[in-house]
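First up is the structure itself, then whatever we jot down about it.
The values are calculated or read from the model by the stated rules, or taken from the named source; none is laboratory data. All figures in this text were calculated on a predicted structure; none of them were measured in a lab. Every residue, glycine as well, gets a Cβ built from its backbone with ideal geometry; the counts of neighbours run over all protein chains shown. What goes into the accessible areas is simple: the full protein's heavy atoms, side chains included, and nothing from ligands, DNA or RNA. Shrake-Rupley method; radii C 1.70, N 1.55, O 1.52, S 1.80 Å.
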Amino acid sequence: MAKNIQAIRGMHDVLPDQTPHWQFLENRVRDVLGRYGYQEIRMPIVEFTELFKRSIGEVTDIVEKEMYTFEDRNGDSLTLRPEGTAGCVRAALEHGLLHNQTQRLWYQGPMFRHERPQKGRYRQFHQIGVETFGMPGPDIDAEIIAMTARLWRELGIEGLELQLNTLGTSEERARYREELVRYFSAHAERLDEDSRRRLRSNPLRILDTKNPEMAELVQGAPVLEAYLGEDSRRHFEQLREMLDAMGVPHVLNPRLVRGLDYYSLTVFEWVTDELGAQGTVCAGGRYDGLVAQLGGRPTPAVGFAMGVERLMALLEAKARLPDARRADVYLVLMGERAQREGLVLAERLRDALPRLRILTHCGGGGFKAQFKRADRSGAQLAVVLGEDELENNQAGVKFLREERPQESIPLVELADYLSDVFDR
Ligand code: ATP
Ligand code: MG
């Protein structure tokens, strides 16, 4: 026998008993973002490799070693998107969405990174992302953060910590960077290999190391705060005041960084200690430099992306989630005539009761086997149709989850009867 082909490592199926949980999350997110006036945008999953090189930057983990890049039949270098911001900015520029207007956009979908798979870290994973354009002030930063806080509330996720930092302007960061290089160079012997490389290419990223042996060294590093100018300071203070006013608690984390030049001012992450090393469920910040870097006019922007798998792990551990019940009513159909008439009856019931889920038994079989399926479907009741019932223009109704005598209901009254039972 041929060997079964399996899914690619780090890429997962979402099975039917999990999809209700995903849909629950997606529906809540769609609802909350809609209530803030955000509009959905859908981008292709594949883009020119150049887009990610130019936006994410050459000296990042993603571009250095995580991208799924391939040549298509025309010889173009294409890449499966590792994140959504680049494609979103590309689309916004391409379609003139940034001319003299503000935008509040969101997207969702799979992202691809060739990382080492482990709990909370996959090669195909899903993000829900938000990007806003054209708004330079701390007010929009505060709004998107408050929106994420509302999301956790509405999803029933508790215990996330909001960590906040400011990266200042790129000029302020450049001076800080020199100081940082001086500090880490003085302790070069304690740097791991990655950090030694980053010392030259992207020293801020050393602060982001996940190597516990470097923790102490990083703790002792100079912080950016001292290098902030007046405007940067004010932006950060105002943001914090707005968050306080809206009742969104936060902690300062001076080591929260992004390594790229197009980032500025606000950075934030929502972190949990319940998922081990993969504790960041949502990461965002301001990226005022990116639009110009991709060829547009300078346009302020701020956004975030959340990791759906990590949120799902929290949800499944904690919140009450809808179960995978498929049906409310199961039609048990005994005999050929009932099979045929049952399909017609089911259509009529679906016309009359659009909010009920009605499953017909297909494929024939005995009474016992059909009731077993009915039970497994999760239905509250079975409607039984056989020769006798059809003779009398009636259906049998049997409750599957409660002690209640079986009833015979005239077919013409069945829709009303079900409507009463289910109150739908
Ligand atoms: P990490 O530090 O965990 O590698 P990152 O900085 O690479 O994260 P971002 O690019 O900011 O992550 O992506 C935003 C969010 O997407 C992360 O906070 C996380 O929740 C999720 N995420 C990122 N990479 C993965 C992955 N490989 N598998 C699952 N979720 C991921
Ligand atoms: Mg990463």
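Just a few scattered comments:
- Dipole magnitude of the stretch 1-124, debye to nearest 20 (Cβ charges: Lys/Arg +1, Asp/Glu -1, about Cα centre): 340
- Centroid-to-centroid separation of the stretch 209-278 and the stretch 30-55 [C-alpha atoms, Å]: 24
- The gain in end-to-end length when the residue 17 to residue 174 segment is fully stretched comes to 51.5 nm, 0.36 nm per residue minus the alpha carbon separation.
- Net charge of Cβ neighbours under 13 Å - reference residue 151; Lys, Arg +1; Asp, Glu -1: 0
- CD proxy at 222 nm, helix term only [per DSSP H run n ≥ 4: -39500 (n - 2.57); per residue of the chain; nearest 500]: -11500 deg cm²/dmol
- Over the chain, volume per residue of the alpha carbon convex hull, in Å³: 217
- Simple point charges give the picture: +1 on the Cβ of Lys and Arg, -1 on the Cβ of Asp and Glu, and for the stretch 230-316 a dipole about the Cα centre of about 280 debye.
- Prolate/oblate/rounded call for the stretch 64-195, Cα gyration tensor, a/c under 1.5 rounded: rounded
- Probe 1.4 Å, accessible area per residue of the chain, Å²: 52
- Once C-alpha pairs closer than 8 Å and six or more residues apart are averaged by separation and normalised to the residue number of the chain, the relative contact order reads 15 percent.
- Using a Förster distance of 41 Å, the FRET efficiency for residue 241-residue 114 (Cβ separation, nearest 0.05): 0.45
- When the stretch 79-166 is described by a simple charge dipole with +1 on each Lys and Arg Cβ and -1 on each Asp and Glu Cβ, the residue from 117, 128, 146 located farthest towards its positive end is 117.
- Difference of contour (0.36 nm per residue) and Cα-Cα distance, residue 216 to residue 74: 46.1 nm
- Between residue 294 and residue 193, the modelled label-to-label distance comes to 3.4 nm, taking each label 7 Å out from Cα in the direction of the beta carbon.
- Dipole magnitude of the stretch 248-407 about its Cα centre (Cβ charges: Lys, Arg +1; Asp, Glu -1), debye to nearest 20: 360
- Across the stretch 29-83, C-alpha contacts under 8 Å between residues 6 or more apart give a mean separation that, scaled by the residue count, equals a relative contact order of 34 percent.
- Looking at the stretch 90-177, the GluC sites (Glu not before Pro) that sit in a DSSP loop and have at most 14 other Cβ atoms within 10 Å of their own Cβ are 158.
- Measuring nothing but alpha carbons in the stretch 248-297 and taking Rh as the Kirkwood radius, the Rg to Rh ratio lands at 1.07.
- Under a Gaussian network description of the chain, with springs only between Cα atoms under 10 Å, the residue in 105, 252, 33 that fluctuates furthest is 252.
- What a 1.4 Å probe finds exposed on the stretch 220-260 is 51% carbon and sulfur by accessible area, rounded to a whole percent.
- Global geometry of the stretch 1-72, whether rounded, prolate or oblate, following the gyration tensor of its Cα atoms and the 1.5 cut on a/c: oblate
- Computed lengthening from residue 185 to residue 369, 0.36 nm per intervening residue step minus Cα-Cα distance: 58.9 nm
- Of interest is the spacing of the C-alpha centroids, which for the stretch 391-418 and the stretch 91-154 amounts to 50 Å.
- Distance between the modelled labels on residue 100 and residue 274, one decimal in nanometres: 4.9 nm (7 Å Cα→Cβ projection).
- Projecting the Cα atoms of 414, 366, 295 onto the charge dipole of the stretch 295-424 (Cβ charges, centred on the Cα centre) puts 295 farthest toward the positive pole.
- Dipole orientation for the chain: of the candidates 334, 257, 60, 60 has the Cα lying most toward the positive pole (charges on Cβ; Lys, Arg +1; Asp, Glu -1).
- For the stretch 147-239, applying the loop criterion from DSSP together with a ceiling of 10 other beta carbons within 10 Å to the trypsin sites (Lys or Arg not before Pro) yields 210.
- Cα gyration tensor category, rounded, prolate or oblate, for the stretch 156-205 with a/c compared to 1.5: oblate
- Summarising the label geometry, the points placed 7 Å from Cα in the beta-carbon direction at residue 343 and residue 5 lie 3.3 nm from one another.
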